[in-house]
Structure formats: structure tokens, C-alpha cells
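Below is one structure, written out as C-alpha cells; the observations come after it.
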Amino acid sequence: MHQKKMPIRDLAGCTINDYEQKLYDQLLPYDWDDIYLSFKEEMLMFQNVVHLIKNTPEDRLPAIGNCEPGQYVPLMKTLERIYDSIKRLEAPAEHPAQPPEEKVPVNVKVKACAQSQGIHLTGFTTLEPSWVFPASDNWTFPQTHQPIGYTNVIALGMEMNPAVFSSNHSPGVETLFEALLTYAKLGEAVEKITGFIRELGYQARGHHPYAGDFLYSAHAVKAGVGQLGANGLVLTQKYGPRQRFAAITTDAPITVTKPRNLGVNDLCYKCMRCVTTCPTGALSPGKVNWRGTVKWKLNHKRCWKYFIANNGCGLCLIVCPWNKEDSWYHRLAATGVTRSGLFRRMILTIDNLFYWRGAATNPRNGTVKPQEGPVSFAAMLEIMGKENQKET
Ligand code: SF4
Ligand code: SF4
């Protein structure tokens, strides 16, 4: 198995000082080697499930666990939409970019285009080679691993629906579906923005949020879009942990946006809500030294097992006090949290009093049972295989 030891090194374009050193240490909470293996298996199952569903009339489709065809068919269709988008992004550009006649202020133009495509967060940075997956790990379907040809990275983030990511919806199919829908919409936006950059006269390659050759969230942190939280997710000022990321690599002359300290580190140590809520104990209450780097560490095996068995999870996102719908209160809190330790303490107290419904949210306390699952591809194959046998 590939062993990747993360060196402590300079952040391109930044002076190393205490904060930036700490910031770098926080990145990469996952054990990616394990993730490659489990995804590979899931992707093969997915192909078989899609084939089965396509070849079965909708009125003859069985319920899978507690999930009716009316729930899982849209889910499968969204996944197909995602894979179609990945394939389009992998195809060579129809009209290769011509050299631009004059240098244009790329950041402003790209940001405006991104906003018009429903992108909520944009950052500009350079590619960090140690965050690129090795070519041997060709695990994403149907994407084929290609060398990254350009060194500039545009980090793109899209908010997920706050109404779905409220405490009443997890774990379950609704959150899984909303996450997939965001992947689909974000991927299609990446296609449009990539085309736009090519029209400006530069080379560009779009990287779909559901696949990809490098770590998007780490680059989003490096581009100052957000900071890594104890739940292993990037927390941004406006949406907290409630967004998905994709990226575009390009030779366009971007102006790099630098990492920012939003106060996430201090807030997380004061809060720990995701750590105590996680039903599997997958999150650690402090940073750990993992392969030579001190950082928040997610135990992927524990998380993934629960995630699959319950049709998704996301409790660590849902309970985060920074995960709130856009309101005057949230905007005030999000600004204050980034500025002062006293404010962070105050916000947590207010959030505990008015929002936190731990007893209703935490499956550990037994009042809320996780949904009976799973809608996993493996379960679908098993159940649909039996149904098909009955028919013949
Ligand atoms: S997704 Fe669920 S199981 Fe995984 S770390 Fe978050 S709370 Fe824990
Ligand atoms: S729930 Fe609390 S500890 Fe976890 S990421 Fe959010 S702020 Fe940090």
C-alpha cells in the first residue's frame, strides 16, 4: 500500500510564520489509502446497480431497505448526471485555447462567471504537488488519471441547502441526495467556467467535485476560502461546513489569494460538538501526530462503515454551530467568530441555549434511531438480484 508521509514545508507564495505553519499542519485529516480501496469497490457496484435499474421497469423495482424506488431512482439519476459531467470534463477541449491578445484580470472575470453559474465561494492558489494523488491510484470511475498540466488552481465551492442539513434530517437519504445534487450542479458549473477560461484564451482543465486527481478542500484552505475544522471539513465564514468543493487548473495568470485565520482552531477547541456527537467516535478531541504531521484526524474506517450502513451521515456537519441558514444573527455571529476569542465563547453559549438540541440529534442517546438501511450499492445488488431471479 502506498505510504505518503507529509513533509512540513513552505506554503507557496506565503511567508512561514506561526499561523501558517499551524494551518498547514491542520490539512489532510484523512487516510487516503483506505479511501481509495473502498471507493474502488463501491464504483464497480454502482455500475452494476445502474445497469439493473435501467433494465427494470419502474413499477417492478423493489423497495431497498426502507427506501422506495421513488427515493432511490432520483438518487441514481443524479449519480448518472454526475458521471456524464465527469466524462465531458475528461474529454479533450473541442476548441483548444488560442493565446490571449492581452492580459485580462483573470480573478475578477472568473469570479463573476463563477457567481453567474451558482458558485458561492472562489479562491485562487497554486498546485501543491504533495496533494496530488499518485498516478497508480486510478480509482475514480469513469475518470482516468491524467497528469495535472497547469500549476494554477481555482478553488470553487457551492453551498448545500440549509433546510436539508438541519438536525431533523440525518442520517438519511435526504442528506445523501442533497449532497449528490450539489455535486451534480457544481460539476456542471465547473464545465461552464472551464469553457469560459478557454474562451479568454487560456488553457484550463475542470476537475469534477465527485472525482478528481487532487485534494480540493486542502487547496480551498490554501486559497483562503476557509479553514479546516475538527470535523475534518473546511469551515467558511458564510456557510460554516455546509459546502462542497471542486477546482479548475489553468495556465491563466491568476493573483493568488492567501490563507486566512478565521478563528476556527480556537472555536473548535472550545466547542467539540462534532466530536462528542459522532456516533462512531471517528473524530478526535485534539490534533494527533499522523505520519509526521500534527492535525485533526478522522478515522475513516469508522466513519465510512456507519455512513454506508445508514444511507449517509453528516451529523458532524449538521451539529456544527457554524452551520446556520443565512440570517442577520448568523451573519453577525460569523463576523464576530473570526475576530475575537471572547465572541467565540459567547456565540457558543448562545448557540447552546437557542439552537442546540443535542438530545434530539445525537443517535448515541437512543432517542433517535438511525434510519434502517442501507441503500448501499451492495444491498441494492443483492435485493435486485433476488427480484430478477424471481422474474425469470
Ligand atoms: S459523517 Fe457521521 S460517522 Fe462520519 S465523522 Fe461525521 S458524524 Fe462521524
Ligand atoms: S462542531 Fe464545533 S468543533 Fe466541530 S467543526 Fe464545528 S465548530 Fe469545530
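A compact table of results
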| item | result |
| --- | --- |
| Flag for Leu262 being in a strand (DSSP E or B), more than 17 Å from Val153 (Cβ to Cβ) and touching a strand residue (DSSP E or B) at 6+ places or on another chain (Cβ under 7 Å) | no |
| Matching residues, the range 208-248, being in a strand (DSSP E or B), away from ligand 1 (no atom under 16 Å from the Cβ) and either closer than 22 Å to Lys297 by Cα or under 13 Å from the mean Cα position of the chain (by Cα) (or both) | Phe214, Gln227, Thr236, Phe245, Ala246, Ala247 |
| Selection within the range 249-271 - surrounded by fewer than 17 Cβ atoms within 10 Å (Cβ to Cβ), near ligand 2 (Cβ under 9 Å from one of its atoms) and under 23 Å from the mean Cα position of the chain (by Cα) | Tyr269 |
| Residue within the range 82-99 that is modelled with pLDDT under 85, assigned to a strand (DSSP E or B) and over 22 Å from Thr236 (Cα atoms) present | no |
| Those residues of the range 322-344 which are surrounded by 14 or more Cβ atoms within 10 Å (Cβ to Cβ) and touching a residue at least 60 places away in the same chain (Cβ under 8 Å), in sequence order | Trp322, Asn323, Lys324, Ala334, Val337, Thr338, Arg344 |
| Complete set of residues in the range 309-335 that are away from ligand 1 (no atom under 16 Å from the Cβ), under 16 Å from Cys268 (Cβ atoms) and in contact with a helix residue (DSSP H, G or I) (Cβ under 7 Å, 6 or more places away or on another chain) | Ala333 |
| Residue within the range 62-73 that is polar (S, T, N, Q) and at pLDDT below 85 present | yes |
| Scan of the range 272-287 for residues that are under 19 Å from the mean Cα position of the chain (by Cα), of a type outside the set (Val, Ile, Thr) and within 8 Å of ligand 2 (Cβ to nearest atom), ordered by number | Cys274, Leu283 |
| Condition broken by Ala230, with the remaining ones in (1) within 16 Å of ligand 2 (Cβ to nearest atom); (2) modelled with pLDDT of 90 or more; (3) at positive phi satisfied | (3) |
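The values are calculated or read from the model by the stated rules, or taken from the named source; none is laboratory data. These numbers come from a predicted model, not from an experiment. Every residue, glycine among them, receives a Cβ derived from its backbone with ideal geometry; neighbour counts consider all protein chains shown.
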